[in-house]
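Below is one structure; the comments refer to it alone.
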Amino acid sequence: MKIQKLDYPGIGETLYSAVLDNGLEVRVVPKKDYSTFYAAFAANYGGACRRFTVDGRELDTPAGVAHYLEHKMFDLPNGDSALNILSANGADPNAFTSSGITCYYFQCTQGFEENLRMLLHFVSTPYFTDETVQKEQGIIAQEIRMGEDNPGLAIYYNLLKMLYAHHPIRDRVAGTVESIADITAETLYDCHRVFYAPSNMVLCVEGNVDPETIVQIAEEVLPKEKAPVPAADFGPAEDILPAERFHTEAMEVSAPQFLIGAKLTPGLTGTQAQRQRLVAALALRMLCGSSSPFFTRLYADGTLNNDFDYEVDASAGTITVIIGGESKVPERVLDELSAEIARVAAEGFNEAYFTRSKRASLGARLRALEDFDNVCVSLAMDCFDGYCSFDSYKLLEEISAEDCRLFVAESLAPERLALSVITPKEAKA
Amino acid sequence: MEYSRSELMPGVFLSHLRSDKFKTACMSVNLLTQLKRETAAMNALIPSVLRRGTQRYPDMEKLSARLDELYGAAIEQVIRRIGEVHCLGFFASFPEPAFLPGGEALLGEMSGLMAEMLLSPVTRGGLLLPQYVDSEKEKLLDLIRSRVNEKRSYAVQRCLEEMCCYEDYAVSRFGDIPECEAIHYKKLSRYYRELLRKSPVELFYCGQARFETVEEALRDAFAAMPRGELDFDIGTEIRMNAVEAEPRYFEEHMDVTQGKLVLGFRLGECMEDPDRAAIHVFNAVYGSGATSKLFMNVREKLSLCYYASSAVILRKGLMIVSSGISFENFESAKTEILAQLEAVKSGEISDDELLWAKRAVASDLRASLDSQGELEGWWLSQAVDGGECSPTELAELVENVTKEDVMAIARSVELDMVYFLCGSDEDEEEEDEDEDTEA
């Protein structure tokens, strides 16, 4: 087993990486003076991966399976729960399912190797019975209900439904109370066998550890054979324009909430994908970040408040720009943003502003490295897209103001923007 | 990590934590004052108004441009309540010299900027700018109103409000709407000047710079800090028992699909001389984390909810149990939550449960040493308490907590308020009436 060592002196980090014979990629970031150990074990399988082929059978699984599987993975064949075992050992374990990935992780300050073995063991050991699967429905139904009352989720999924005509990213990761009713132990076994093969997974570890030990443990605990990497079928390519441009829904909120979104060119991998995201993030920082002329003006005149934010969301083969917050006049925000986009497209960003924004971006990225959760989860997600986020610091230097102008002019052209709004319910008389 | 503390000038204290492991340094300044309904909104508003512009950088665009030049250094307003002590100020973070191209030290510049933000806002005729005050006031009102958007935290906050309706703690850290609406820029300017003169000030630094270097930078930066007659008479009133003989019940209706059940408890007489280690372990045994009785029984065994967990508000002597349930499970969830507390009281705690709880609490405390944000919060709370206990020291005390210690805390705990956020359609209301009679 060859472990590759890469130094990143600019950010004071060293990354060790290896690909095991079974296809698992391992990434380790040693941290000498820290008490915390963090491990994330992720599968390239999320809520949107619903259609796939297994043993020549074409399966179309109900919405919510990946998330349901995540809940049930913690059950061990002897009746124990891995969640309890890890917690009992002083670790803080958890998991999340997005539309693109499922990630199991824990943080601890002692017993790391034992905890790591348990993490790898339970995620690679499916054990479901119809009875245990049935029993989880009550808990997940409550989680779904909680999500239905959450305006942040409502506005987000409304936006995705407007942007994407048919891609399964449109549906809630947790599914609906109805869609999860048909999930059986067999469905879960099928999905586990196809998507939880080591060749479709990544392990990221940060803490005071020895990379060789991590690799050794992974080799010992996980299956030896290398399974073919599966591909989920997300349906035909989406048009780059939104399927619908405006949508409004009323909920129990105090003031209108809005999201403005646009699809970016999907399907890039490796440095190309990394570059696309870096350009998008830097361009958005300059267009509408907290120091931008656009934001400071609309903040000062009361149109926007500190809730305003932007992000580039890459998941399940899609990549989406999302800009939003709270405003009494969401339509006006869209008009003002469109005008600013037109101005930037015509004039570009001035060099002094560009240089200082790059500096700020560097500082913000440096700060993000203090967060174990952020480091491990990004390293895992980047791995599936064929790059490493530690390279961003170097790559950022190569990005020009013109790259950013082009991004704004093309990707944020007016016809590509959609606006999703949640308004307060009318007060009852 | 080396901890030092000193008084830089009358009532201005510096807590210094030297550490080489972080890539960014952090620094904070907090004014300490009594949490009261009349002044809470003004307290909350002041940092936001000050953050709008200083004499050198009079608007947000100039201020942000400066911070961007300093490699994305951040200075953000922070409003906290620690018990009934209202803490308002700024939290700054900036890259350590080793990670900057020229190796420049930003400590001096950042100390100056943070002090300028607190002491030298842009003014006209000595008063805060009315347009800044009005604009931030609107935003604060939006923020106070927006609490309804997140039902889980909303329900907890409402339970605390109802439970502590005779105490200052009923007011949130952002204050209330009527008091906020009444704020006028002239009155706020006067109040701000008075607050600067009379409030004890807590400064915090964590990073690579040595104590003497930081002390000197901050002493210079805050040299103009006005110091009048200091008001050290601030603290928290802790009510030991429930307000009425029977737990109070409060119900609220909203158009929601999931109910939120929140139980508010007084920690009780154990607060006379609180054994913090034991209280934390009790909380872990009872309701916080995956090995707790609430998680294992209310969620895992009975599948009644997605979440049911307890949290202790140590400095006010309170415990909150919060849970998301189907409306019809109100009685069964409440009964089970209380039954699990009875189990802890009567000593139904296995050696394993105790061990797991202690591990979880100690591990959280040790992990906090890796987060500057948590360290800052920890040492600010210590300063408010007048204590100097490090997370590591408390973690050691946790190891010695016994089952009897945990039972003693459980026996001291008393239910004071049951709060239920539920649906608003007609059918529900009939059911709710039934519950009223039962409660």
For A:Phe308, are the conditions met, namely being in the same structural domain as A:Leu334 (by TED's automatic domain parsing), surrounded by 22 or more Cβ atoms within 10 Å (Cβ to Cβ) and either in contact with a His (Cβ under 9 Å, 6 or more places away or on another chain) or among the aromatic types (Phe, Trp, Tyr) (or both)?
-> no
For the range A:5-22, how many residues are touching a Pro at 6+ places or on another chain (Cβ under 6 Å) and buried (at least 18 other Cβ atoms within 10 Å of the Cβ)?
-> 1
Among the candidates A:Asn200, A:Asn158, A:Asn150, residue that is within 14 Å of chain B (Cβ to nearest Cβ) and either more than 17 Å from A:Leu69 (Cβ to Cβ) or in contact with a strand residue (DSSP E or B) (Cβ under 7 Å, 6 or more places away or on another chain) (or both) = A:Asn150
Of (1) touching a Gly at 6+ places or on another chain (Cβ under 8 Å); (2) at the interface with chain A (Cβ under 9 Å from one of its Cβ atoms); (3) in contact (Cβ under 8 Å) with a residue 12 or more places away in the chain; (4) closer than 30 Å to A:Asn150 by Cβ, B:Met163 satisfies all except one. Which?
-> (2)
When (1) within 14 Å of chain A (Cβ to nearest Cβ); (2) in a helix (DSSP H, G or I) are applied to B:Ser303, the one that fails is (2)
Restricting the search to the range A:138-175, which residues are touching a Phe, Trp or Tyr at 6+ places or on another chain (Cβ under 7 Å) and charged (D, E, K, R)?
-> A:Glu143, A:Arg170, A:Arg172
Of the residues B:Val398, B:Val321, B:Val361, B:Val312, which is out of contact with any Ser or Thr (no Cβ under 9 Å at 6 or more places or on another chain), among the hydrophobic types (A, V, I, L, M, F, W, C) and either within 12 Å of chain A (Cβ to nearest Cβ) or crowded, with 16+ Cβ neighbours inside 10 Å (or both)?
-> B:Val398
Cβ pairs under 7 Å, 6+ apart, first in the range B:97-111 and over 15 Å from B:Cys206 (Cα atoms), second assigned to a helix (DSSP H, G or I) and of a type outside the set (Lys, Arg) | B:Phe99/A:Ile11; B:Phe99/A:Leu366; B:Gly103/B:Pro97; B:Glu104/B:Pro97
Go through B:Asp425, B:Asp405, B:Asp432, B:Asp416 for me and flag whichever is on the phi < 0 side of the Ramachandran plot, modelled with pLDDT under 95 and more than 14 Å from chain A (Cβ to nearest Cβ).
-> B:Asp432
Scanning for something away from every other protein chain (no Cβ under 14 Å) and among the hydroxyl-bearing types (Ser, Thr, Tyr), does the range A:168-177 turn up at least one residue?
-> no
Is one or more of the residues making up the range B:198-215 within 30 Å of A:Lys328 (Cα to Cα) and either surrounded by fewer than 16 Cβ atoms within 10 Å (Cβ to Cβ) or at pLDDT 95 or above (or both)?
-> no
Residue hits (the range A:41-71; closer than 30 Å to B:Ala284 by Cβ and in contact with an Asp or Glu (Cβ under 6 Å, 6 or more places away or on another chain)) are A:His71
Within the range B:253-269, is there a residue that is at pLDDT 95 or above and under 30 Å from B:Glu7 (Cα atoms)?
-> no
For the range A:359-373, indicate whether the set of residues that are without any contact (Cβ under 8 Å) to a residue 60 or more places away in the chain, in a loop (DSSP other than H, G, I, E, B) and closer than 30 Å to A:His247 by Cα is non-empty.
-> no
Exactly one of (1) among the aliphatic types (A, V, I, L, M); (2) surrounded by fewer than 21 Cβ atoms within 10 Å (Cβ to Cβ); (3) more than 19 Å from the chain's Cα centre (by Cα) is unmet by A:Leu153. Its number?
-> (3)
If you go through the range B:183-198 one residue at a time, do you hit one that is at positive phi and in contact with a helix residue (DSSP H, G or I) (Cβ under 9 Å, 6 or more places away or on another chain)?
-> no
Does the range A:37-57 contain at least one residue that is more than 23 Å from the chain's Cα centre (by Cα), under 21 Å from A:Ala197 (Cβ atoms), more than 14 Å from chain B (Cβ to nearest Cβ) and modelled with pLDDT of 95 or more?
-> no
Only one of (1) of a type outside the set (S, T, N, Q); (2) under 26 Å from B:Ala362 (Cβ atoms); (3) in contact with a Gly (Cβ under 6 Å, 6 or more places away or on another chain) fails for B:Leu314. Which number is that?
-> (3)
Can you tell me how many residues in the range B:118-145 are within 11 Å of chain A (Cβ to nearest Cβ), among the polar types (S, T, N, Q) and either crowded, with 18+ Cβ neighbours inside 10 Å or assigned to a strand (DSSP E or B) (or both)?
-> 1
Which ones in the range B:49-62 are buried (at least 19 other Cβ atoms within 10 Å of the Cβ), facing chain A (nearest Cβ under 9 Å) and not basic (Lys, Arg)?
-> B:Met60
A:Ala339 vs. criteria part of a helix (DSSP H, G or I) and touching a strand residue (DSSP E or B) at 6+ places or on another chain (Cβ under 7 Å) = no
Taking the range A:238-295 and keeping only residues that are assigned to a loop (DSSP other than H, G, I, E, B) and within 18 Å of the chain's Cα centre (by Cα), one is left with A:Leu264, A:Thr265, A:Pro266, A:Gly267, A:Leu268, A:Thr269
If we keep only residues of the range B:343-352 that are surrounded by fewer than 22 Cβ atoms within 10 Å (Cβ to Cβ) and in a helix (DSSP H, G or I), then the residue nearest to the other protein chains (Cβ to nearest Cβ) is B:Asp352
Matching residues in the range B:82-110 - criterion: being in a strand (DSSP E or B), within 14 Å of chain A (Cβ to nearest Cβ) and of a type outside the set (Gly, Ala, Ser) = B:Phe91, B:Phe94, B:Pro95
Please verify whether the range B:31-39 includes one or more residues that are under 23 Å from B:Val171 (Cα atoms), of a type in the set (Val, Ile, Thr), surrounded by fewer than 22 Cβ atoms within 10 Å (Cβ to Cβ) and more than 14 Å from chain A (Cβ to nearest Cβ).
-> yes
Is there a residue in the range A:213-226 that is β-branched (Val, Ile, Thr) and closer than 30 Å to A:Glu311 by Cβ?
-> no
Considering only residues that are outside any helix (DSSP H, G or I) and small (Gly, Ala, Ser), look in the range A:398-420 and name the one that is farthest from A:Val333 (Cα to Cα).
-> A:Ser400
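The values are calculated or read from the model by the stated rules, or taken from the named source; none is laboratory data. These figures come from a predicted structure and were not determined experimentally. All Cβ positions, even for glycine, are placed from backbone atoms using ideal geometry, and neighbour counts span all protein chains on display.
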